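Participant: Dropping a structure here in structure tokens format, bear with me for questions.
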Amino acid sequence: RRVLVAGIDDERLPEDEREVQGIAEVFPSATVLKGTAARQTTLARHLRYADVVHIASHGVYSAENPMFSRIKLADSWLSVHDIYGLRLRASLVTLSACETGVSQVAPGDELVGLARGFFYAGAASLLLSLWSVSDESTAQVMTAFYRRLVGGQPKAAALREAQLEVMDEYPHPYYWAPFVLHGRGDW
């Protein structure tokens, strides 16, 4: 599988480097974009060929206009509007950041947020967060999730097992429960 792992340099995300490195160890042939390499143009170029995409960053949900919900890259913010212009073939996109799964119900029961943008762009499934997340426990959940996924577990089972593993160290749901899967469950 072609795997793309991206993470920004930000002192407010001290575990970001560990998360990116841990996932890169699970997928040794992954394309890794760290720090200034995680720019919008570079990311867009690699996204169209990736089967698995993992972005470790900051996420912002915009309640006033969900189309302006966004995820931080090295040089800019990637908004829902920007995502609509992407073309993906990924079976899984993981947005490892705060509030990436929050959406607003629009007329016609349409959900508007980052999830809608990535599904529109072609992603088959998404791993997202429903609230602000802990940088440290998120790195652990994500690495455990991918280890289990590569070990042959379906996405939902891999996420559940990763959450249970992290729950041993961090019993409060804040640390392990914000992550949800949307879309296809097959690998």
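The values are calculated or read from the model by the stated rules, or taken from the named source; none is laboratory data. Please read these numbers as outputs of a predicted model, since none were measured by experiment. Cβ coordinates were reconstructed from backbone atoms using ideal geometry, including for glycine residues, and neighbour counts include every protein chain displayed. Quick note on the areas: whole protein, heavy atoms, side chains included, nothing else; ligands and nucleic acids left out. Shrake-Rupley method; radii C 1.70, N 1.55, O 1.52, S 1.80 Å.
Participant: Please list, ordered by first then second residue, the pairs with beta carbon atoms under 6 Å, 6 or more apart or interchain, first in the range 129-141 and open to solvent by less than 30 Å² (accessible area, probe 1.4 Å), second polar (S, T, N, Q).
Facilitator: That search, which allows pairs on different chains as well, returns Ser129/Thr100; Thr138/Ser96.
Participant: Can you tell me which residue within the range 70-79, out of those that are crowded, with 17+ Cβ neighbours inside 10 Å and of a type outside the set (D, E, K, R), is farthest from Arg116 (Cα to Cα)?
Facilitator: Ala74
Participant: Name the residues in the range 149-160 that are farther than 17 Å from Gly22 by Cα and part of a helix (DSSP H, G or I), would you?
Facilitator: Of everything in the range 149-160, those that are farther than 17 Å from Gly22 by Cα and part of a helix (DSSP H, G or I) turn out to be Lys155, Ala156, Ala157, Arg160.
Participant: Out of curiosity, is Glu25 over 18 Å from Leu126 (Cα atoms), open to solvent by 90 Å² or more (accessible area, probe 1.4 Å) and not basic (Lys, Arg)?
Facilitator: yes
Participant: Pull up the range 113-132, narrow it to residues that are among the aliphatic types (A, V, I, L, M) and part of a loop (DSSP other than H, G, I, E, B), then point me to the one that is farthest from Ser79 (Cα to Cα).
Facilitator: Going through the qualifying residues, I end up with Ala124.
Participant: Tell me whether the range 91-103 contains one or more residues that are under 20 Å from Phe179 (Cβ atoms) and acidic (Asp, Glu).
Facilitator: Checked against the condition, which is being under 20 Å from Phe179 (Cβ atoms) and acidic (Asp, Glu), the range 91-103 yields at least one hit.
Participant: Is it true that Val93 is over 25 Å from Lys155 (Cα atoms) and part of a strand (DSSP E or B)?
Facilitator: Answer is no for this residue.
Participant: What pairs come out if I take residues in the range 84-112 that are in contact (Cβ under 8 Å) with a residue 60 or more places away in the chain and pair them with residues that are in a loop (DSSP other than H, G, I, E, B) and of a type in the set (S, T, N, Q) whose C-beta lies under 8 Å away, six or more apart or interchain?
Facilitator: Going by the 8 Å Cβ cut-off, the qualifying pairs are Ser96/Ser57.
Participant: Report yes if Leu88 is over 23 Å from Arg2 (Cα atoms), surrounded by fewer than 22 Cβ atoms within 10 Å (Cβ to Cβ), under 16 Å from the mean Cα position of the chain (by Cα) and of a type outside the set (Phe, Trp, Tyr), otherwise no.
Facilitator: No.
Participant: Quick one: which residue in Gly122, Gly185 is surrounded by fewer than 20 Cβ atoms within 10 Å (Cβ to Cβ), out of contact with any Cys (no Cβ under 7 Å at 6 or more places or on another chain) and on the phi > 0 side of the Ramachandran plot?
Facilitator: The unique qualifying residue is Gly122.
Participant: Are there any pairs, at least 6 apart or on different chains, whose C-beta atoms fall under 8 Å, with the first in the range 147-174 and within 18 Å of Leu95 (Cβ to Cβ) and the second among the acidic types (Asp, Glu), and if so, which?
Facilitator: The qualifying pairs are Lys155/Asp186.
Participant: Which residue pairs have Cβ atoms closer than 7 Å, lie 6 or more positions apart in sequence or on different chains, and pair a first residue in the range 16-41 that is without any contact (Cβ under 8 Å) to a residue 60 or more places away in the chain with a second residue that is open to solvent by 60 Å² or more (accessible area, probe 1.4 Å) and in a loop (DSSP other than H, G, I, E, B)?
Facilitator: Close Cβ pairs (under 7 Å, with a partner that is open to solvent by 60 Å² or more (accessible area, probe 1.4 Å) and in a loop (DSSP other than H, G, I, E, B)) amount to Gly35/Asp9; Arg39/Asp75; Gln40/Asp75.
Participant: Right, another one. Consider Pro173 carefully, then state whether it is at pLDDT 95 or above, out of contact with any Pro (no Cβ under 7 Å at 6 or more places or on another chain), open to solvent by 10 Å² or more (accessible area, probe 1.4 Å) and more than 23 Å from Val26 (Cα to Cα).
Facilitator: Judged against the criteria, Pro173 is a match.
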